[in-house]
Each structure stands twice: as C-alpha cells, then as structure tokens.
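Novice: Quick one: this structure, given as structure tokens, is what I'll be asking you about.
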Amino acid sequence: MLRRVVALCAGLAVLVATGCSRASSADVPAPRTAAADLGAAEVVRGAVYAERGSGPLALDLFLPEASGEPVPLVVYAHGGGWDAGERTLDADRRTAEALAAERLLARGYAVATVDYRLTTVAPAPAQVFDVSDAVRWLQRNADRWGLDPDRVALWGASAGGHLVAQLGVATDDPAVPGGGLTGIRAVLDWFGPTDLSAEAQAKYAELTPYAEKVIVRLLGCLPAECPERAAAASPIEGVSGAEPPFLIQQGTADSLVPLEQSLDFAAELRRRGTTVQLHPYEGVDHGFGRGRQAELAVDALIAFVETHV
C-alpha cells in the first residue's frame, strides 16, 4: 500500500507533494488553539432545520465579518461512526476541524455544522436526507444571514466524510436519497469510507471489528445480505462524472478506514473526469491529530476551497 502511495505522489499532478511528507520533530510546532467562537463575528446556535419523529434537528452557523456581499458557505458533517458524535465544532478548539473553520471564517466563509439522525435512531439513508435537508434549509434562508446559496462546499470527517461524499456524487440525481443539491462547488472528504459493500469488507482485511459493526448498524443488515442497500450507501458506486471538485485527505496509517478506499475512490472520480485532489499524510492514523500534519491538512483544505468555492 505504501508503495502505491509513493507512486501516486510521484506520478499524479493532482496530488500535493506535501501530503506525502513526514514532518520531522524539529518541524512540529506547539498545538494551536482556535479563538473563542472560532473567531466568528456572529454565531447562531441551535437553529432547528427539520423536525423528525425522533425530535428536532439543529445546526450551528458561524458567520464572518460582514463584507456587504453574500458570503460563501461551508457545511460540516461530524464523524462518530454514524452512531455517535455531535455537531459542536468548537467544543475542543485544538482540533484540526476547529482550526480549519477558524481560518475559513477569517477568509470570509460562513461555516455551518449540522445534526443528523444517528443509527441508534434510524439506519441509512436517514443521515444523507438530514444533511441534504440542512443544506437546503440554509439555502432557503440565505438572505436572512447574507449567505450565497450558489457557493456552497460540503465538508465532513470520517462518517461525515462518507455522508458528504455520498451527497457529492448525487448532485445530478434528485431521485436518490439526498440527491439533486444545487450550488455545490466542492466536496471536502476527510478520511471517510466510500465503499460499504461485502466485497470491500473482504478486500480490506484490515477492517476492525468496530468498523464492521458500525457499517452493519448503518445499513441495518450485513452487506452480503443487502447488497443493493450497501451499494446505495457507497459513494464509489454513484460516481457519474457530473460531480463538483473533490478534495480527499487521509492518513496512510488509518486504522479504521483503509487508505485503499480513498485511493480507489479518487481513481474512479478521475476516470470519470471529475476534478479531484488526493492528499495522503504519511504515518497519520484516523484523524489528523494536533501536530504538523494537521496544519498541512488545514492548509490544503483552505487552498482547495479558495480555488473552487
């Protein structure tokens, strides 16, 4: 696998060289902490965007300084194996997610972080319906907060990365769950799984029992028992070539999501003609931690957003 990463770094123009580097101990700065409220000029917390039988679904919206023009929007979906996690981006202001959001706000982007139903409440496709409904609600209410509904990026980590990838490949297909979103200029996938099929589980022998358990809980069945449902929940199966640009970032030592999934997903997007950047970070596990590699990941995300959104 590592040989394949090195080859990709050497041979693909879409791959950022720093993404394959390892920071030396001398390069590692003290972990930074984002500002209170991530430096936002205004924060709208707990705005209810949908009511479900299980209760209300809410989002937090961080707004930058007013510029006199509608501001672009980045919508974030949290991780947690689809059965845990919360929308709060600033609960720990030392995380890569908090630092990225702070920098986006400083550059004039609004950032929303959204609830979605966990698998303890509902299996797939409830989660993609929820995130897509949150995006549409924000777009409908764009004038209220000075947002630009036609300049939106979808961003997610881990399980959230899976959800935004699924929505990203369905922007041209309103018939599928969550599909047909408009105004999506970029998808930012941080180490999300992209193939939930039984074949993938057999192929990626390094999948942990935890990963297998949460996939079964998401689908409501073993992938081998419900292959159509597993395919419908696998972003790699929905690639058409009509996708917005994708940024995929993942550590080469990810112990929960096989790096091969990101490699295969990026290759399929590229084969179909979609703009894609893949950034593998050498020796990094699931998540980017708080060191130099986290800073590199944030740098790449900011550059990609400023280019495409």
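Novice: Once you have the Cα-Cα distance between Arg107 and Arg140, take 0.36 nm times their residue separation minus that, and quote the gain in nm to one decimal.
Specialist: 9.5 nm
Novice: So what are the radius of gyration and Dmax for the Cα set of the range 22-148, in Å?
Specialist: Rg then Dmax for the range 22-148, in Å: 15.9, 53.
Novice: Could you work out [θ]222 nm for the chain from helices alone, using -39500 (n - 2.57) per DSSP H run of at least four and dividing by all its residues? Round to the nearest 500 deg cm²/dmol.
Specialist: -10000 deg cm²/dmol
Novice: A further question follows. Arranged from highest to lowest average of other beta-carbon atoms within 10 Å per residue, in what order do the peptides 175-186, 47-58 appear?
Specialist: Packing order, densest peptide first, comes out as 175-186, 47-58.
Novice: Please report the relative contact order for the range 186-309, taking Cα pairs under 8 Å with a sequence separation of at least 6, and give it as a percent rounded to a whole number.
Specialist: Dividing the mean separation by the residue count of the range 186-309 yields 31 percent.
Novice: Same structure again: Using only the Cα atoms, work out Rg/Rh for the range 138-210, with Rh taken as the Kirkwood radius, to two decimals.
Specialist: A ratio of 1.10.
Novice: Additional query: Counting only heavy atoms of the protein chains, get the accessible area per residue of the range 165-309 (1.4 Å probe) and round it to a whole Å² value.
Specialist: I get 36 Å² per residue for the range 165-309.
Novice: Multiply the residue gap between Thr275 and Thr88 by 0.36 nm, knock off their C-alpha separation, and tell me the result in nm, one decimal place.
Specialist: 64.3 nm
Novice: May I ask for the Kirkwood hydrodynamic radius of the range 215-309, worked out over all distinct Cα pairs and given in angstroms to one decimal?
Specialist: 14.9 Å
Novice: Bin width 10 Å, origin at 0, all Cα-Cα pairs of the range 222-275: what percent of pairs per bin?
Specialist: In order of increasing distance, the bins hold 22, 44, 32, 2 percent.
Novice: Among Ser67, Ser197, Ser132, whose mean-square fluctuation peaks in a Gaussian network model of the chain (Cα, cutoff 10 Å)?
Specialist: The residue that fluctuates most here is Ser67.
Novice: Related question: Accessible area per residue, 1.4 Å probe, Å², for the range 84-128: what's the number?
Specialist: Computed with neighbouring chains in place, this is 35 Å² per residue.
Novice: Any idea what the relative contact order of the range 124-221 is, in percent, if you count C-alpha pairs under 8 Å spaced at least 6 apart?
Specialist: Averaging sequence separation for qualifying contacts and normalising by length gives 28 percent for the range 124-221.
Novice: What order, most packed first, do the peptides 109-117, 134-142 have when packing is the mean number of other Cβ atoms within 10 Å of each residue?
Specialist: Output ranking for 109-117, 134-142: 109-117, 134-142.
Novice: Of the heavy-atom accessible surface of the chain (probe 1.4 angstrom), what whole percent is carbon and sulfur?
Specialist: Answer for the chain is 51 percent, counting heavy atoms of protein chains only.
Novice: Quick check: convex hull of the Cα atoms in the range 130-276, volume per residue, rounded to a whole Å³?
Specialist: 106 Å³
Novice: Students often get this wrong, so try it: which of (i) 61, 39, 34; (ii) 51, 50, 34; (iii) 53, 43, 31 is Cα extents along the principal axes in Å as calculated from the structure shown?
Specialist: Checked against the structure: label (ii).
Novice: Using the Cα gyration tensor of the range 42-106, with a ≥ b ≥ c the square roots of its eigenvalues, what is the shape: rounded (a/c below 1.5), prolate (a/b larger than b/c) or oblate (neither)?
Specialist: oblate
Novice: Check Ser255: other-chain or 5+ apart residues with amide H under 5 Å from its amide H, H built from backbone geometry?
Specialist: His286
Novice: Also, I was wondering about something else. Between Ala157, Ala91, Ala101, which gets the highest mean-square fluctuation from a Gaussian network model of the chain, Cα cutoff 10 Å?
Specialist: Ala91
Novice: First check a/c for the range 69-112, with a ≥ b ≥ c the square roots of the eigenvalues of its C-alpha gyration tensor; if it is under 1.5, answer rounded, and if not, answer prolate when a/b is larger than b/c or oblate otherwise.
Specialist: In terms of gyration-tensor shape, oblate.
The values are calculated or read from the model by the stated rules, or taken from the named source; none is laboratory data. Here the structure is a predicted model, which is why all the values come from computation and not from measurement. Neighbour counts run over all protein chains shown; Cβ positions are idealised from the backbone, glycine included. Just the protein is used for accessible areas: all its heavy atoms, side chains included, with ligands, DNA and RNA removed. Shrake-Rupley method; radii C 1.70, N 1.55, O 1.52, S 1.80 Å.
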